[in-house]
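Taking it in order: structure first as structure tokens, then the write-up.
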Amino acid sequence: MANNNQIITIDKIPVFRMDGGELYRLARYHYRLGLNSLSPFIGQPEEGEQLSAEVLALASDPDLKRIANVLAAPELRVSFCVGGMGRPPESFRLYSRRDGEKTAVVYVGSSNNLVETIYFEDLNACCSYLATLYAAHVAKPSPNLIKPEVSLEVMLIILAFIDCYRRAYLNEMLSSNAKSVEAIYEEEFLTVFDHELKSPDIRWLLPAFLRLVPDLGKTSLVFSGQHMEMVRALGFYTRAVEGKSNKAVYLFGPTLKYLGLEFSIFWNTAIGFEVSVLKRLSGKVESVGRYFLAPTDEANHFISIERRGDNYICTHQSLNFDGTVMELERLLQEHLKQI
């Protein structure tokens, strides 16, 4: 099958920057568009119908009118939050609407206190653009070492172990110690784990996962020994007792050493996002999926978070650049079918 994904640059797509109030007035009073409950224009304060000369000059641009059409009555919204090492959290959104066989998408962000909007004529162009900005441009990903579906609690323990490896790796570098990272005391791991569950510091993987994925940090969590056993079975650690101190120790397993080193050297940013749709029958806005992307120089680590009854299930994929574009496009298409 031919692959049509490509690196997309900003100079190839229509971009508009203007005051948010002017964009609302343009859509509502110049184009005379009706609004649905998913529209970002809902709740916009009324400040008259007058438009500036600059915006009036742009009003005849067909791409700007297409942007207004999508934003007035979108079918799908994606709320993103990106951040990481040396990068404070930054938010933006996508709005999408089907028009016949095509699915138009509009990016809405901010630039110099103005609303920035970008129009994409189809999902593939939008997903290629997002991957260009936020995914690793790898041709062949590293193996997927977290293959089965796991509970949210298990995924959080896995991320905590990776962060513990990173901490130990960095400490060894600072101490100019050539020894490899091999273990952590059980007590120390539990202290780090408890701290990271509450921490807003998105330079670390577990806090980034909980803080960047919208509302994930508000989820009720119940941990058990069974969750630790599942992490052990995946090759992350082996529990032992240190002879001299009689303290419990977690010996780092091959899976943790591989992922720990990868994230220690190659990871510095992540992006979380939530997909919401407007249900036709009820007219209600409903969240239908949450996701997390952590790119490294080895792979794009893509995690989906799905609610099943009272539990949350995480599915991890290790993707290359093209696979990331395809997965983004696939999930958005699937969610549009849920309307």
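Miscellaneous remarks
- Enumeration of residues in the stretch 289-311 that are surrounded by fewer than 19 Cβ atoms within 10 Å (Cβ to Cβ) and in contact (Cβ under 8 Å) with a residue 12 or more places away in the chain: ASP297, SER304, GLU306, ASN311
- Subset of the stretch 108-124 [surrounded by fewer than 19 Cβ atoms within 10 Å (Cβ to Cβ) and over 20 Å from CYS81 (Cα atoms)]: GLU121, ASP122
- Where GLU116 falls short, out of the listed (1) acidic (Asp, Glu); (2) farther than 26 Å from PRO207 by Cα; (3) free of Cβ contacts under 8 Å to residues at least 24 places away in the same chain: (3)
- Test: ASP163 is in a loop (DSSP other than H, G, I, E, B), in the same structural domain as PHE252 (by TED's automatic domain parsing) and over 25 Å from PHE321 (Cβ atoms): no
- Whichever residue in the stretch 140-165 is aliphatic (A, V, I, L, M) and modelled with pLDDT under 95 and, among such residues, is surrounded by the most Cβ atoms within 10 Å (Cβ to Cβ): ILE146
- Residue match in the stretch 291-306 (condition: more than 25 Å from ALA136 (Cβ to Cβ), assigned to a loop (DSSP other than H, G, I, E, B) and not charged (D, E, K, R)): no
- Within the stretch 183-200, tally of residues that are of a type in the set (D, E, K, R) and surrounded by 12 or more Cβ atoms within 10 Å (Cβ to Cβ): 3
- Residues of the stretch 166-223 that are at pLDDT 95 or above, of a type in the set (S, T, N, Q) and not in a loop (DSSP other than H, G, I, E, B): THR191 alone.
- Flag for ALA72 being over 21 Å from GLU286 (Cα atoms), touching a helix residue (DSSP H, G or I) at 6+ places or on another chain (Cβ under 7 Å) and either modelled with pLDDT of 95 or more or surrounded by fewer than 18 Cβ atoms within 10 Å (Cβ to Cβ) (or both): no
The rows are residues; the columns are (1) among the aromatic types (Phe, Trp, Tyr); (2) within 23 Å of LEU293 (Cβ to Cβ).
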| site | (1), (2) |
| --- | --- |
| GLU101 | no, no |
| LEU114 | no, no |
| PHE120 | yes, yes |
| ASN124 | no, yes |
| THR132 | no, yes |
| LEU145 | no, yes |
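The values are calculated or read from the model by the stated rules, or taken from the named source; none is laboratory data. Since the model is a prediction, treat every value here as computed from it, not as a measurement. Positions of Cβ are backbone-derived with ideal geometry, glycine not excepted, and every protein chain shown enters the neighbour counts.
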